[in-house]
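Notes follow once the structure below has been shown.
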Amino acid sequence: VAFFDFIVFSTILYKIHPPLLFTLIVYATFGTSMTLFFGRRLVQLNVVQLEKEADSRFSLVRVRENAESVAFYGGEQREQSQAWGKFQGAFTNYISLLGFQRNLEFFTTAYRYFVQVLPTIL
């Protein structure tokens, strides 16, 4: 059904104003490729974020389970620095993730509004 709609509307648009049809095809291709570019990196960052959060939780649970041994051998500082390092890794990745989400949102918002201006430009 979507393919049929595409053919019908493309034919109508071509009969109305041929350059507009080609411009819209280029516009849609560009928008799709940019969204895929941002989206692919976003998926990778989400996977890394889940891994870093899991490592951080595991580190904290390990310290809790071995609290007596850690206290007996005086390893509080070492365990604290390791847990803090894992938390900082998760936090840094989260900031990166937020930045990519923001950039994707900026692009998609501009992309949505530009389609209203495009026919006027042509």
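The values are calculated or read from the model by the stated rules, or taken from the named source; none is laboratory data. Since we're looking at a predicted model, the values are computed, not measured. Using ideal geometry, Cβ is built from the backbone for each residue, glycine included, and neighbour counts are taken over all protein chains shown. Surface areas here come from the heavy atoms of the whole protein model, side chains and all, with no ligands, DNA or RNA. Shrake-Rupley method; radii C 1.70, N 1.55, O 1.52, S 1.80 Å.
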Exercise. So what is the diffusion coefficient of region 1-46 in µm² per second by Stokes-Einstein at 10 °C and 1.306 mPa s, using a Kirkwood Rh over Cα pairs?
Worked result: 129 µm²/s
Exercise. Rg and Dmax of the chain, Cα atoms, in Å?
Worked result: 25.3, 83
Problem set entry | Test item: Cα-centred dipole of the chain, Lys/Arg +1 and Asp/Glu -1 on Cβ, debye | 340 debye
Seminar exercise, completed: Computed over the chain: longest principal axis from alpha-carbon atoms vs helix 18-65 long axis, angle to nearest 10 degrees, is 10 degrees
For this session: Relative to the longest principal axis of the C-alpha atoms of the chain, give the angle of the C-alpha long axis of helix 2-16, reported between 0 and 90° and rounded to the nearest 10°.
Result: 50 degrees
Exercise. Between LEU45, LEU20, LEU97, which gets the highest mean-square fluctuation from a Gaussian network model of the chain, Cα cutoff 10 Å?
Worked result: LEU20
For this session: Could you order GLU105, GLU79 so the one with the most accessible surface comes first? Probe is 1.4 Å.
Result: GLU105, GLU79
Exercise. Just from its helices, what would the mean residue ellipticity at 222 nm be for the chain, if runs of 4 or more DSSP H residues each count -39500 (n - 2.57) and the sum is divided by every residue, rounded to the nearest 500 deg cm²/dmol?
Worked result: -34000 deg cm²/dmol
Exercise. Short version: ³J(HN,Hα) in whole Hz for each residue of region 110-122, in order, from phi by Karplus 6.51 cos²θ - 1.76 cosθ + 1.60 (θ = phi - 60°), x for Gly and Pro, what are they?
Worked result: 5, 4, 5, 6, 5, 5, 7, 8, 3, x, 5, 5, 6
For this session: Distance between Cα centroids, region 1-40 to region 63-122: provide it in whole Å.
Result: 35 Å
Exercise. GNM on the chain, C-alpha springs below 10 Å: top fluctuator among ALA67, ALA28, ALA90?
Worked result: ALA67
For this session: Please name whichever of PHE30, VAL63, GLN49 sits farthest to the positive end of the charge dipole of region 15-94, dipole taken about the Cα centre and charges placed at Cβ: Lys and Arg +1, Asp and Glu -1.
Result: PHE30
Exercise. So which residue, out of THR11, THR29, THR108, gets the largest mean-square fluctuation from a GNM of the chain using Cα contacts under 10 Å as springs?
Worked result: THR11
For this session: Might you work out the accessible area of THR23 for me, using a 1.4 Å probe with all protein chains in place, and round it to the nearest 10 Å²?
Result: 40 Å²
